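One structure follows; several queries about it will come next.
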Amino acid sequence: MRSKILGLLAATAVSAIATTVSAAPLLALVFTDHAVLQRGQPIRVWGAAGPGAVVELSLGEAKTSATADAEGRWSTTLPAREPGAALTLTAQAGGERQTISDLLVGDVWLCSGQSNMEYPLRRSLGGEAEAANAADPDIRLLQTGRVSLPNPTTALPKEAAWRPATPESANNFSAACFFMGREIKKATGAPIGLIDATWGGSIIQDWISREGLHALGGYDEGLAVLADYARSPDVGVAHWQAQLGRWAAKVEPQAAAWSRPDFDDRDWKTMRAEQFWETNPGLETFDGTIWLRASITLTEKQARQGATLSLGPIDDLDTTFVNGREIGSSQGWDTPRAYRIAPGVLRAGPNLIAVRAIDAGGGGGAWGPAAQKGLKFDDGSFAPLGASWRYKVSTAIAQSGLPPTAPWVGSSGLSTLRNGMIAPLIPYGLKGFAWYQGEANVAEPAAYGRLLPALVADWRRSFDAPDLPFLVVQLAAFGPRQTAPAESGWAEIRDVQRRVAATDSKVGLASAVDIGDIYDIHPANKQQVGHRLALLARKLAYGETGLVAAGPAPLSATRAADAVVVRLDQPAVVQADARPVGFELCDAGGACRFADAALAGDQVRLTIPAGFAPVRVRFAWADSPILNLYGRTGLPATPFELTIAP
């Protein structure tokens with residue numbers, strides 16, 4: 001249940017003041033009263049008018065014009081400006097006229113990602129007081145709302161409008177983004193525009209354009225399914241079900257007969273029908289595929305009818321069979337399943353219901369009230385499924401990999417959030433991006449190593465800004481502590497984030513690893529996240545020299561006699577102990593041991609255990625690492641893994 005463990009936040013309530021425009025606005029919907037226009041660069045303006053219409057524009061004393069193309073699209077630029085008095089932008093084409101007012105020139109930041117970026121100001125530490133003191137006429141806020149589309153759109157929802165920061169407008173706005181913007185405004189003195197384009201539980205693939213995913217490779221069939229769905233939902237669903245079936249046949253050949261009614265499942269275990277499977281012994285941390293089977297005995301009258309099979313929600317993804325016949329697949333951890341069964345499929349006597357349930361993280365399986373699960377017949381009668389399932393574990397997600405998801409499903413699809421929430425903003429002038437996401441991809445860190453740089457390149461290309469700063473929040477700690485070295489998808493994602501920042505001088509890493517909560521995937525201390533993002537912005541976007549904007553990061557790991565020496569990019573300090581903790585040495589076979597560490601300035605010396613031959617060194621390599629190594633400015637050292645040089 002990738003979405004559930006990530007605590008998919010309830011849909012953000014976007015309260016916006018609608019802009020007064022003509023019935024057919026000339027300006028793109030991202031241009032509303034109270035907007036902030038990016039300073040120091042030509043101001044790009046675009047919209048729609050009648051084909052061939054000449055659109056006259058004025059912004060203060062500056063004037064220009066544009067001619068709409070055959071599809072009615074027009075775009076132009078106005079001269080660059082610096083902050084000053086509020087402005088009015090007017091567009092006129094023939095008898096149509098649109099005016100938006102109270103525009104400021106300053107810096108615009110686009111904040112995006114999943115639930116920890118979506119996390120609203122009101123829920124952060126001291127959120128009520130923060131919201132009550134949020135009023136600032138020079139900070140302007142825009143929330144795109146949640147929009148998932150199979151094809152790109154040029155339009156934001158009509159209720160999405162720029163608003164000055166007030167207790168009301170900031171209340172449900174991204175806390176991390178707001179705190180970052182407030183600190184940037186304090187440091188620069190310029191008006192700040194903040195765009196909140198977030199969706200809790202979303203995977204990174206859903207934020208990259210179709211072109212970006214195609215260039216990356218590996219997503220062509222999913223993109224083809226999405227294109228089919230855009231033309232015909234029925235065709236798209238059928239294509240996806242066939243793709244999912246091929247994946248299942250490849251990764252779990254042992255389950256080929258498990259949907260058939262003649263299969264003998266008497267040695268299978270049982271679980272209750274209304275709880276996540278983690279409540280069963282041995283499944284406490286299981287993510288992957290489990291088959292569920294149950295029987296319903298029907299009368300001749302019931303069997304002659306058509307019916308709807310209701311199974312409640314199944315986390316995350318299911319393929320359901322009746323008497324060996326596949327009747328449907330669905331995706332969504334909290335989406336109730338209801339499948340139509342045509343007359344002739346059911347039989348008098350026992351009928352076998354089989355479900356292939358796939359969970360990618362957190363709670364999994366069929367859940368919800370058992371009384372609501374069963375067959376509702378065309379005559380209105382109901383046959384309950386019963387209180388339990390027989391079940392068999394098939395394949396762990398670590399072995400099977402992630403299944404092909406339905407690419408049109410918002411937050412877990414391909415490109416749909418980029419189509420609905422980023423495309424309408426392009427090519428609005430920006431100062432930079434702030435990105436907090438990765439929890440939804442912890443099951444595929446290798447893929448994330450390709451996807452994160454692809455996202456950075458895709459957005460920079462889309463906004464025609466190849467060097468635009470891209471600030472990344474490194475995932476906060478979450479989950480139980482480990483007493484011994486272990487593999488960790490969370491640590492691998494953090495290391496991907498570190499490596500992307502290390503290879504791009506305009507990508508900054510704001511680590512949140514030390515401000516997480518082992519019991520809550522949504523830590524409330526978003527003030528510190530915003531502060532660390534603002535430090536990076538001041539360094540990368542505003543060129544503040546001498547500013548330490550991140551904690552220690554590794555430069556190298558080398559063998560030195562009976563020790564390994566890790567060199568950091570800055571001097572470090574140890575908190576609460578004389579020695580750094582959390583360093584591991586790993587051999588060629590994958591065995592890892594905690595190592596005794598000693599710090600001297602910017603170097604950490606790790607003693608090699610007798611008889612051990614390490615080839616890699618890791619630091620803070622856990623879902624929730626214990627970390628006491630910091631920079632002298634109080635920022636945490638980044639988790640990492642490095643190959644040891646001779």
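If you go through region 185-224 one residue at a time, how many are out of contact with any Lys or Arg (no Cβ under 7 Å at 6 or more places or on another chain) and more than 24 Å from P424 (Cβ to Cβ)?
Qualifying residue count, region 185-224: 9.
Do we have A561 as surrounded by fewer than 17 Cβ atoms within 10 Å (Cβ to Cβ) and not hydroxyl-bearing (S, T, Y) here?
Values: surrounded by fewer than 17 Cβ atoms within 10 Å (Cβ to Cβ): yes; not hydroxyl-bearing (S, T, Y): yes.
Taking the combined requirement at face value, the residue satisfies it.
Report yes if some residue within region 430-440 is free of Cβ contacts under 8 Å to residues at least 40 places away in the same chain, over 13 Å from the mean Cα position of the chain (by Cα) and farther than 20 Å from Q114 by Cβ; otherwise report no. It would help to see each step written out before you state the result.
Step one: filter region 430-440 for residues free of Cβ contacts under 8 Å to residues at least 40 places away in the same chain, giving none.
The answer is no, given that none of the residues of region 430-440 is free of Cβ contacts under 8 Å to residues at least 40 places away in the same chain, over 13 Å from the mean Cα position of the chain (by Cα) and farther than 20 Å from Q114 by Cβ.
How many residues does region 46-99 contain that are under 26 Å from T188 (Cα atoms) and either in contact (Cβ under 8 Å) with a residue 12 or more places away in the chain or assigned to a strand (DSSP E or B) (or both)?
Of the residues in region 46-99, 15 are under 26 Å from T188 (Cα atoms) and either in contact (Cβ under 8 Å) with a residue 12 or more places away in the chain or assigned to a strand (DSSP E or B) (or both).
Right, here's the next one. Inside region 321-334, can you point out the residues that are within 28 Å of the chain's Cα centre (by Cα) and on the phi < 0 side of the Ramachandran plot? Show your work before the answer.
From region 321-334, those within 28 Å of the chain's Cα centre (by Cα) are 328-334; that's our starting set.
Hits for region 321-334 are S329, S330, Q331, W333, D334.
Shifting gears a bit: So G386 clears everything in (1) crowded, with 23+ Cβ neighbours inside 10 Å; (2) out of contact with any Pro (no Cβ under 9 Å at 6 or more places or on another chain) except one condition, right? Which one?
(1)
Oh, and also: Are any of the residues in region 336-358 of a type in the set (F, W, Y) and in contact (Cβ under 8 Å) with a residue 40 or more places away in the chain? Don't jump to the end; show me each part of the working.
First, pick out the residues of region 336-358 that are of a type in the set (F, W, Y): 339.
From the residues that got through so far, the ones that are in contact (Cβ under 8 Å) with a residue 40 or more places away in the chain too are none.
Looking through region 336-358, none of the residues is of a type in the set (F, W, Y) and in contact (Cβ under 8 Å) with a residue 40 or more places away in the chain.
State yes or no: is A549 loosely packed, with under 15 Cβ neighbours inside 10 Å and closer than 22 Å to N628 by Cα? Let's see the steps before the verdict.
Details: loosely packed, with under 15 Cβ neighbours inside 10 Å: no; closer than 22 Å to N628 by Cα: yes.
Criteria not met by A549.
Quickly run through region 34-52 and pick out the residues that are surrounded by 17 or more Cβ atoms within 10 Å (Cβ to Cβ) and either aromatic (F, W, Y) or farther than 16 Å from V108 by Cβ (or both).
Our first condition is that a residue be surrounded by 17 or more Cβ atoms within 10 Å (Cβ to Cβ); within region 34-52, this holds for 34-39, 43-49.
W46, G47, A48, A49, listed by residue number.
Now for a separate question. For region 163-178, give me each residue that is assigned to a helix (DSSP H, G or I) and buried (at least 23 other Cβ atoms within 10 Å of the Cβ). It would help to see each step written out before you state the result.
Residues of region 163-178 that are assigned to a helix (DSSP H, G or I), as a first pass: 167-170, 175-178.
S169, A170, A175, A176, C177, F178 - these are the residues of region 163-178 that are assigned to a helix (DSSP H, G or I) and buried (at least 23 other Cβ atoms within 10 Å of the Cβ).
Now for a different question. Select from region 564-621 the residues that are outside any strand (DSSP E or B) and among the hydrophobic types (A, V, I, L, M, F, W, C) and list them in ascending order. Spell out the reasoning first.
Taking region 564-621 as the starting set, the residues that turn out to be outside any strand (DSSP E or B) are 569-571, 575-582, 588-591, 595-596, 601-602, 608-613, 620-621.
Selection gives A576, A578, V581, A588, A591, A595, I608, A610, F612, A613, A620, W621.
If you go through region 543-555 one residue at a time, do you hit one that is part of a strand (DSSP E or B), farther than 17 Å from S115 by Cα and in contact (Cβ under 8 Å) with a residue 12 or more places away in the chain? Walk me through how you get there before you give the answer.
Residues of region 543-555 part of a strand (DSSP E or B): 554-555.
Add one more test, that the residue is farther than 17 Å from S115 by Cα, and what stays is 554-555.
From what's left, in contact (Cβ under 8 Å) with a residue 12 or more places away in the chain: 554-555.
Checked against the condition, which is being part of a strand (DSSP E or B), farther than 17 Å from S115 by Cα and in contact (Cβ under 8 Å) with a residue 12 or more places away in the chain, region 543-555 yields at least one hit.
May I pose another question? Can you work out which of the residues in region 58-99 that are touching a Phe, Trp or Tyr at 6+ places or on another chain (Cβ under 6 Å) and among the aliphatic types (A, V, I, L, M) is farthest from R39 (Cα to Cα)? Quick ask: steps written out before the conclusion?
Initially, region 58-99 is screened for residues touching a Phe, Trp or Tyr at 6+ places or on another chain (Cβ under 6 Å), giving 66, 68, 75.
With among the aliphatic types (A, V, I, L, M) added as a condition, the list becomes 66, 68.
On the way: A66: 22, A68: 26 Å.
The extreme case among them is A68.
Any idea which of A406, A423 is in a loop (DSSP other than H, G, I, E, B), hydrophobic (A, V, I, L, M, F, W, C), out of contact with any Asp or Glu (no Cβ under 9 Å at 6 or more places or on another chain) and crowded, with 18+ Cβ neighbours inside 10 Å? Talk me through it step by step, then tell me what you get.
Details: A423 fails: in a loop (DSSP other than H, G, I, E, B).
Answer to the selection: A406.
Next up: Restricting to region 362-400, name every residue that is on the phi > 0 side of the Ramachandran plot and in contact with a Leu (Cβ under 9 Å, 6 or more places away or on another chain). So that I can check it myself, show each step before the final result.
Filtering region 362-400 for residues on the phi > 0 side of the Ramachandran plot gives 362, 365, 368, 374, 380, 386.
If the condition is that a residue be on the phi > 0 side of the Ramachandran plot and in contact with a Leu (Cβ under 9 Å, 6 or more places away or on another chain), then G362, G365, G368, G374 are the ones that fit.
All but one of (1) in contact with a Leu (Cβ under 9 Å, 6 or more places away or on another chain); (2) within 21 Å of P424 (Cβ to Cβ); (3) not basic (K, R) hold for E71, so report the exception by its number.
If we test E71 against (1) in contact with a Leu (Cβ under 9 Å, 6 or more places away or on another chain); (2) within 21 Å of P424 (Cβ to Cβ); (3) not basic (K, R), just (1) comes out false.
For region 382-403, give me the residue count where each residue is in a loop (DSSP other than H, G, I, E, B) and of a type outside the set (G, A, S).
So the count comes out to 3.
Which residues, counting only those in region 342-374, are in contact with a strand residue (DSSP E or B) (Cβ under 6 Å, 6 or more places away or on another chain) and assigned to a helix (DSSP H, G or I)?
Passing the criteria: only Q372.
Considering only region 182-276, give the helices (runs of 4 or more DSSP H) lying wholly within it that have at least 1 residues that are touching a Pro at 6+ places or on another chain (Cβ under 7 Å), outside the structural domain of F433 (by TED's automatic domain parsing) and among the aliphatic types (A, V, I, L, M). Before you say what the answer is, go through the steps one by one.
Details: elements: 210-216, 220-231, 233-251.
It comes to 220-231, 233-251.
Please specify each residue of region 482-496 satisfying the condition of being farther than 14 Å from T285 by Cβ and part of a loop (DSSP other than H, G, I, E, B).
T483, A484, P485
Here's the yes/no breakdown for (1) in contact with an Asp or Glu (Cβ under 8 Å, 6 or more places away or on another chain); (2) crowded, with 17+ Cβ neighbours inside 10 Å; (3) more than 28 Å from A440 (Cβ to Cβ); (4) charged (D, E, K, R):
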position	(1), (2), (3), (4)
N280	no, yes, no, no
D287	yes, yes, no, yes
A303	no, yes, yes, no
L311	yes, yes, no, no
Q331	yes, yes, no, no
D334	yes, no, no, yes
G349	no, no, yes, no
L352	no, yes, yes, no
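A further question follows. Could you tell me which numbered condition F583 fails, if it satisfies all but one of (1) under 24 Å from G126 (Cβ atoms); (2) touching a residue at least 12 places away in the same chain (Cβ under 8 Å)?
F583 satisfies every listed condition except (1).
Would you check which residues across region 591-621 are without any contact (Cβ under 8 Å) to a residue 24 or more places away in the chain and either more than 11 Å from R579 (Cβ to Cβ) or over 38 Å from the mean Cα position of the chain (by Cα) (or both) and list them? Talk me through it step by step, then tell me what you get.
Taking region 591-621 and keeping what is without any contact (Cβ under 8 Å) to a residue 24 or more places away in the chain, we get 591, 596-598, 600, 610-611.
Correct list: A591, A600, A610, G611.
Which of (1) within 30 Å of G508 (Cβ to Cβ); (2) free of Cβ contacts under 8 Å to residues at least 12 places away in the same chain does F382 not meet, given it meets every other one?
Here F382 clears every test but (1).
Looking at A465, is it touching a residue at least 24 places away in the same chain (Cβ under 8 Å), part of a helix (DSSP H, G or I), surrounded by fewer than 23 Cβ atoms within 10 Å (Cβ to Cβ) and of a type in the set (A, V, I, L, M)? Let's see the steps before the verdict.
Working: touching a residue at least 24 places away in the same chain (Cβ under 8 Å): yes; part of a helix (DSSP H, G or I): no; surrounded by fewer than 23 Cβ atoms within 10 Å (Cβ to Cβ): yes; of a type in the set (A, V, I, L, M): yes.
For A465, the condition - touching a residue at least 24 places away in the same chain (Cβ under 8 Å), part of a helix (DSSP H, G or I), surrounded by fewer than 23 Cβ atoms within 10 Å (Cβ to Cβ) and of a type in the set (A, V, I, L, M) - is not met.
Every residue, every condition in (1) outside the structural domain of D623 (by TED's automatic domain parsing); (2) in a helix (DSSP H, G or I); (3) buried (at least 18 other Cβ atoms within 10 Å of the Cβ), yes or no:
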position: L471; (1), (2), (3): yes, no, yes
position: R498; (1), (2), (3): yes, yes, yes
position: S505; (1), (2), (3): yes, no, no
position: L509; (1), (2), (3): yes, no, yes
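The values are calculated or read from the model by the stated rules, or taken from the named source; none is laboratory data. All figures in this text were calculated on a predicted structure; none of them were measured in a lab. Heads up, the Cβs are rebuilt from the backbone with ideal geometry, glycines too, and the neighbour counts pull from every protein chain shown.
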